[in-house]
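Visitor: Here it is: the structure, laid out below.
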Amino acid sequence: MRLFAALIPPDDVVEDLEEFLAVRRDFGEFRWAAEFHVTLAFMAEAADRHLDELIERLGRAAGRRTPLTSRIAGGGAFPDVARARVLWAGLELDEAGRTELDRLATGCRAAASKSGIGVDGQRFRPHVTLARLGRPAEVTKWVRLLDAYAGPDWPVEELALVQSHLGEGPRGRPRYEVLETFPLGREVTDPR
């Protein structure tokens with residue numbers, strides 16, 4: 001299974017971002033994301049036998065963190081604007097929110113590792129992937145455009161475990177299925 005632990009913005013936040021992007025989607029050689037989320041830990045190959053333990057550990061990791069407030073604002077490109085492969089929107093957080101989010105990402109990665117599941121990716125950089133490019137391109141104008149965007153505040157109160165089904169979504173993109181959600185700030189105790 002392809003899994004990821006993520007924050008999923010509420011509908012009003014997604015609608016605001018969609019409105020901002022709608023008039024711009026026809027320009028550029030982008031494959032626009034079908035759904036928006038903030039990936040905290042990506043697990044490209046997770047065996048079914050590890051799923052129950054992962055769910056238990058993610059519940060504990062979420063329970064140790066405090067809810068926070070964020071907003072999607074600004075943007076950038078990976079690896080950089082001169083040879084971008086991914087166009088993304090950023091997250092605006094206060095210092096306490098950034099600390100909580102970093103700790104949540106660390107907890108999600110540890111939950112996967114301790115469950116016997118490898119975690120892909122590099123260090124956590126909070127962002128929402130907007131689009132991918134088929135080949136590297138210069139995207140300075142797009143990043144400047146995103147710098148003008150600031151969406152509504154968003155109360156981050158839960159973590160989601162999502163399964164990615166490659167090629168099953170619209171136009172051959174991934175289809176995402178939320179397997180479980182975990183509230184932040186409600187410590188789950190282990191009965192053992």
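The values are calculated or read from the model by the stated rules, or taken from the named source; none is laboratory data. Quantities reported herein were computed from a predicted structural model and do not represent experimental measurements. Note that each Cβ is placed from the backbone with ideal geometry, even for glycine, and that neighbours are counted across all protein chains shown.
Visitor: List the pairs whose first member sits in the range 108-131 and is acidic (Asp, Glu), whose second member is in a loop (DSSP other than H, G, I, E, B), and whose Cβ atoms are under 9 Å apart, counting only residues at least 6 apart or on separate chains?
Guide: These pairs meet every condition: Asp120/Ala44; Asp120/Glu45.
Visitor: Follow-up question, since we're still on this one. Restricting attention to the range 1-26, report how many residues are outside any helix (DSSP H, G or I) and of a type in the set (D, E, K, R).
Guide: 4
Visitor: Return a yes/no flag: does the range 131-149 have any residue that is of a type in the set (Phe, Trp, Tyr), under 18 Å from Met43 (Cα atoms), assigned to a loop (DSSP other than H, G, I, E, B) and touching a strand residue (DSSP E or B) at 6+ places or on another chain (Cβ under 8 Å).
Guide: No, the range 131-149 contains no residue that is of a type in the set (Phe, Trp, Tyr), under 18 Å from Met43 (Cα atoms), assigned to a loop (DSSP other than H, G, I, E, B) and touching a strand residue (DSSP E or B) at 6+ places or on another chain (Cβ under 8 Å).
Visitor: So, in the range 52-77, how many residues would count as being touching a strand residue (DSSP E or B) at 6+ places or on another chain (Cβ under 8 Å) and either within 27 Å of Phe20 (Cα to Cα) or free of Cβ contacts under 8 Å to residues at least 60 places away in the same chain (or both)?
Guide: So the count comes out to 11.
Visitor: Is it fair to say Glu180 is surrounded by 13 or more Cβ atoms within 10 Å (Cβ to Cβ), under 22 Å from Ala73 (Cβ atoms) and at pLDDT 95 or above?
Guide: Taking the combined requirement at face value, the residue does not satisfy it.
Visitor: Something else now. Answer yes or no: is there a residue in the range 116-125 that is within 18 Å of the chain's Cα centre (by Cα) and at pLDDT 95 or above.
Guide: No, there is no match, as no residue in the range 116-125 is within 18 Å of the chain's Cα centre (by Cα) and at pLDDT 95 or above.
Visitor: Could you identify the single residue in Glu35, Glu45 that is in contact with a Gly (Cβ under 9 Å, 6 or more places away or on another chain), under 22 Å from Gln122 (Cβ atoms) and either aromatic (Phe, Trp, Tyr) or in a loop (DSSP other than H, G, I, E, B) (or both)?
Guide: From the options Glu35, Glu45, the qualifying one is Glu45.
Visitor: Within the bounds of the range 142-155, is there any residue that is under 13 Å from the mean Cα position of the chain (by Cα) and modelled with pLDDT of 95 or more?
Guide: Within the range 142-155 (the criterion being under 13 Å from the mean Cα position of the chain (by Cα) and modelled with pLDDT of 95 or more), the answer is no, since none of the residues qualifies.
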